[in-house]
1. Can you tell me which condition B:Glu189 does not meet? The list is (1) of a type outside the set (A, V, I, L, M); (2) surrounded by fewer than 21 Cβ atoms within 10 Å (Cβ to Cβ); (3) more than 14 Å from every other protein chain (Cβ to nearest Cβ); (4) not in a loop (DSSP other than H, G, I, E, B), and all the others hold.
2. Do we have B:Glu134 as among the charged types (D, E, K, R) and modelled with pLDDT under 95 here?
3. If we only count strands (runs of 3 or more DSSP E) wholly inside the stretch B:1-88, which ones have 3 or more residues that are touching a residue at least 24 places away in the same chain (Cβ under 8 Å) and touching a Lys or Arg at 6+ places or on another chain (Cβ under 6 Å)?
4. Give me the residue from the stretch B:73-95 that is of a type in the set (Gly, Ala, Ser) and surrounded by fewer than 18 Cβ atoms within 10 Å (Cβ to Cβ) and, out of that set, farthest from B:His51 (Cα to Cα).
5. Looking at A:Val42, is it assigned to a loop (DSSP other than H, G, I, E, B), at the interface with chain B (Cβ under 10 Å from one of its Cβ atoms) and surrounded by 13 or more Cβ atoms within 10 Å (Cβ to Cβ)?
6. In the stretch B:295-311, which residues are within 18 Å of B:Ser200 (Cβ to Cβ), open to solvent by 10 Å² or more (accessible area, probe 1.4 Å) and not polar (S, T, N, Q)?
7. Given the structure, is B:Ala153 part of a strand (DSSP E or B) and under 20 Å from the mean Cα position of the chain (by Cα)?
8. A:Ala51 - would you say it is under 20 Å from B:Lys227 (Cα atoms) and either more than 21 Å from the chain's Cα centre (by Cα) or modelled with pLDDT under 95 (or both)?
Amino acid sequence: QDFNKKNLANRAVVEHRRRLLQEWRAWREQVAEELEEEGVEVPTYEDKDAAQGETIE
Amino acid sequence: MRPILLSGHTRALTQVKYSKDGDIIFSVSKDQIICAWYAANGERLGTYHGHQGALWTVDVDPTTTLLASGAADNTIRLWDVKTGKLLKTWDFGTAIKRVEFSPDGTQLLGVTERRQGHLSTIVVYDIVLDVEAEQADEHSLRIVCEDSKATVAGFSYGSKYIISGHEDGSVTQWDAKTGELLDSAQIQEDDMQITDLQWSSDRTYFITASKDKTAKLVAANDLRVLKTYVADTPLNSAAITPVKDYVILGGGQAAMDVTTTSARQGKFEARFYHKIFEEEIGRVRGHFGPLNYVAVDPQGKSYASGGEDGYVRLHHFDRGYFDFLYEVEREAEQANL
């Protein structure tokens, strides 16, 4: 019985994290769309890495 | 994580900043000197001399051409990063508690201290990103903080807003062009000072640190609190890591505020939390006093902490740091493949 309780609790924690992660990603997508609408360019570290990858020395 | 001790300052550190490409670290201290260090090995690259009071703040523009600093000598100074030459001095009636460049480096803001006869203000200067250029004498914008004094401030994405953090635990959103007050929110406990405000890499959200022992993740456009990180000590600084979804908090009780030795133990640590799950992941010890500032390499490879003990501790992240994932993160990653 204790084992079952623990399992349920663990599952609840995982479910909670899954929901937080989904919420976060949905919000980030929404922000990205808004920035695009406003025409704001935001250089990120990913862009910079990509740019560096193109330079051949 | 292998720590590198950057020793060179003789008094408490107040702020630490990375250049945008993560190569150079700038540190300021109450010892009136600005130091520059190589982030790769901690070697000291140079110093900038001239301030006549404790330094409170430093920032470098995104092209690593100009360095700005603010101090208790009531000046903001602009320096040539490469040569260490002083290029410009702006004088004020009170100390400068925070300087920060706009995302494109063409503007610089300064937060001035309140004192009898002086309200706290946020001043903005237009900047020419050229060491040969003549810089403007007059500010292009001046915001007076009448309600509660500003302690920190910065520019949002696209230099659209100036966001300031205040002594009373509130944040204010200003139109960065007109200086109009747009919005205000009491995000920390009443009258618990906001001690730091640092941006996400795209500047659409930021993190605040407070004396109320919490840090908050806040959206720049509507000042909504997205996340709360609960610590067990007053916080002086908080940073958002790129690459990984973490935040790093730094703080600790000043010796004079602590009555027993036992209460001091284990408090001088950098604390890592998961940014999205709000859970503490780990701590890094090492400092002998409160952490006054934590800074993260914009490229995500390392972080540095500046302590009341006079040291900067530089930590390069190891493989385990980058590999670590929560089960649900791994799931999501696999679903994306």
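The values are calculated or read from the model by the stated rules, or taken from the named source; none is laboratory data. None of these values were measured; they are calculated from a predicted model. Ideal geometry is used to build each Cβ from the backbone, glycine not excepted, and the neighbour counts take in all protein chains shown. Protein only, heavy atoms only, side chains kept; ligands, DNA and RNA dropped before computing areas. Shrake-Rupley method; radii C 1.70, N 1.55, O 1.52, S 1.80 Å.
1. Only one criterion in (1) of a type outside the set (A, V, I, L, M); (2) surrounded by fewer than 21 Cβ atoms within 10 Å (Cβ to Cβ); (3) more than 14 Å from every other protein chain (Cβ to nearest Cβ); (4) not in a loop (DSSP other than H, G, I, E, B) is unmet by B:Glu189, namely (4).
2. Spelling it out, it is not the case that B:Glu134 is among the charged types (D, E, K, R) and modelled with pLDDT under 95.
3. The strands (runs of 3 or more DSSP E) meeting that bar are B:55-60.
4. Going through the qualifying residues, I end up with B:Gly93.
5. yes
6. Within the stretch B:295-311, B:Val296, B:Pro298, B:Lys301 meet the criteria.
7. Yes; evaluated as a whole, the condition is true for this residue.
8. The answer is no for A:Ala51.
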